[in-house]
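The values are calculated or read from the model by the stated rules, or taken from the named source; none is laboratory data. The structure displayed is predicted, hence computed values, not measured ones. Methodologically, a virtual Cβ is constructed for each residue, glycine included, from the backbone with ideal geometry; neighbour enumeration extends over all protein chains shown. Accessible surface areas use protein heavy atoms only, side chains included; no ligands, DNA or RNA. Shrake-Rupley method; radii C 1.70, N 1.55, O 1.52, S 1.80 Å.
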Amino acid sequence: MKKIILAYSGGLDTSCAIKWLQGRGYEVIAFVADVGQGEDFGLIKKRARRTGASKVHVVNLKQEFVRDYVLPALRAGAVYENKYYLATALSRPLIARHQVAIAHQEKATVLAHGCTGKGNDQVRFEVTARLLDPRLEIIAPVRLWEFKTREEEIEYAQRHRIPIDVTKKSPYSVDINLYGRSIECGVLEDPWVEPPEEIYKLTLSPRKAPHVAVYVELDFQQGVPVAINGRALKSIDLIGQLNVLGGQNGIGRVDMVENRLVGIKSREIYENPAATILHAARHELECLVLDRETLHYKEMLSEKYAELVYYGLWETPLKKQLDAYFNKIAERVSGTVRFKLYKGNCTVVGRKSPNSRYKEELATYGKKDVFDQKLAEGFIKLWGLPF
Ligand code: ARG
């Protein structure tokens, strides 16, 4: 029997995929990536075995996710279409990388995933895997199988005694990891319909958030957030704390219509308190420490970087070159940002840095002023001269 490594989540699609692939003569080895989705992995493991997986690998990828994916994207200022902090998109190339590694370890030649043919994730998984090992074959059961609706799929699961979690029967499709949560489907498919409160799990409604603002200080060292209120934290804990703190104050809800890779527009809701705060703080610090041309030029490339992440092009030359570029810039991005969280808003109220380019004696209209205003006259004449 040919071995196949299935990226397994424990949900309906990947559970049915185990049986479906077995029916086509594969020995299915399940691979479960822990990217901080906070699931019961013991239970997921059991479910995979009971459904017919010959073996289950559960791999803790949280540390690597933060260090090699989340932080570089933060440093790059990567936000897709100005709104999406890319939590789901960033996890895919990491999962694919480990799926390929497990294939090598198990001497398997085929990979499988549970993505549909309409989404971005299929592209991210497959492009990454193919770049890392083009010899591997990839099968996407959901693109191939006969079920037209979710009901048909559930019926298949029941017929094959696949243990599915009926309590999780929700009209929404959700993806979650330590950096954020993505929600789609159900009533959200109508972009005119306001998201019902029930879809949110990480964030309190601003209406229910505390009536007093919470002040927070965040320290950065070379583009990496390292401390909250002066207390040094490991990146993973720092993100966790900002998610809680932000979530309690209703920070980080995003409602958008985005352009998918396959040409479809889709309505997606995101909850990402930590990412919202981190990007706001990073941007503010950059405004203080970077010269004008670097700042403006960088922002164009941030957009490009976000596209590359969204498009599944993580393992490509351009993305790696841009990492080197953003890394160089981040050398200056150290300092502290002070902000307040209040009913859905994260407002920066102060910033300081040993690398600050702000010169009070140039900016001031007070006594300390050293700016020679007479120079402005000649500057303006020459500035307009070409035109
Ligand atoms: N639209 C987002 C992306 O392409 C999230 C995809 C997964 N979302 C979900 N609800 N299952 O990265």
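At 0.36 nm per residue, and after removing the present C-alpha to C-alpha distance, how many nm does the segment from residue 81 to residue 104 gain when stretched out fully?
Between residue 81 and residue 104, full extension yields 4.6 nm more.
Applying 1/(1 + (r/R0)^6) with R0 = 30 Å to the Cβ-Cβ distance of residue 255 and residue 143, what FRET efficiency is obtained, to the nearest 0.05?
Approximately 0.60, to the nearest 0.05.
How much accessible area per residue does the chain have, counting only protein heavy atoms and a probe of 1.4 Å, in square angstrom?
Roughly 51 Å² per residue, with all protein chains present.
I need the shape label for region 304-353. Rule: rounded when a/c is under 1.5, else prolate if a/b > b/c, else oblate, with a, b, c from the alpha carbon gyration tensor.
Oblate, because a/c is 1.5 or more while a/b does not exceed b/c.
With a Cα-only, solvent-free Debye model of region 130-263, what are the log10 I(q)/I(0) values at q = 0.10, 0.14, 0.18 Å⁻¹?
Here log10 of I(q) over I(0) equals -0.59, -0.98, -1.17.
Averaging over all projection directions, find the projected area of the Cα convex hull of region 1-153 and quote it in nm² with one decimal place.
Averaged projected hull area, Cα only: 9.6 nm².
In Å, what is the Rg of the alpha-carbon atoms in region 105-208, and how long is Dmax?
Cα radius of gyration and Dmax of region 105-208 are 17.5, 54 Å respectively.
With only alpha-carbon pairs counted, each pair once and no self-pairs, how large is the Kirkwood hydrodynamic radius of the chain in angstroms?
Evaluated over the chain, this radius sits at 22.9 Å.
What is the Cα centroid distance between region 27-67 and region 200-278, reported in whole angstrom?
Here the answer is 26 Å between Cα centres.
Using only C-alpha positions, report the orientation-averaged shadow area of the convex hull of region 262-387, nm², one decimal.
The orientation-averaged projected area of the Cα hull of region 262-387 comes to 13.2 nm².
Please report, in Å, the Rg and the Dmax of region 93-166, where both are computed over Cα atoms only.
Spelled out, the Cα radius of gyration and Dmax of region 93-166 are 14.3, 38 Å.
Pull up the DSSP beta bridges for the chain and report the antiparallel fraction as a percent, rounded to 5.
Within the chain, antiparallel bridges account for around 65 percent of the total.
Using the Kirkwood radius over C-alpha pairs as Rh, can you work out the diffusion coefficient of region 3-70 via Stokes-Einstein at 4 °C, viscosity 1.567 mPa s, in µm² per second?
105
So if each residue of separation counts as 0.36 nm, and I subtract the Cα-Cα distance between residue 363 and residue 331, what length gain in nm does that give?
Between residue 363 and residue 331, full extension yields 9.0 nm more.
Quick one: what does P(r) look like for region 176-334 with 10 Å bins over all Cα pairs, in whole %?
Cα pair-distance distribution for region 176-334, in percent: 9, 31, 36, 21, 3.
Pop out the carbon and sulfur fraction of the accessible area of the chain as a percent, whole number, probe 1.4 Å.
53
In vacuo Debye scattering of region 217-292, one point per C-alpha: log10 I(q)/I(0) at q = 0.11, 0.12, 0.18 Å⁻¹?
Debye curve over Cα of region 217-292, log10 I(q)/I(0) at q = 0.11, 0.12, 0.18 Å⁻¹: -0.38, -0.44, -0.80.
Could you size up the charge dipole of region 234-381 around its Cα centre, putting +1 on the beta carbon of Lys and Arg and -1 on that of Asp and Glu, and report it in debye to the nearest 20?
280
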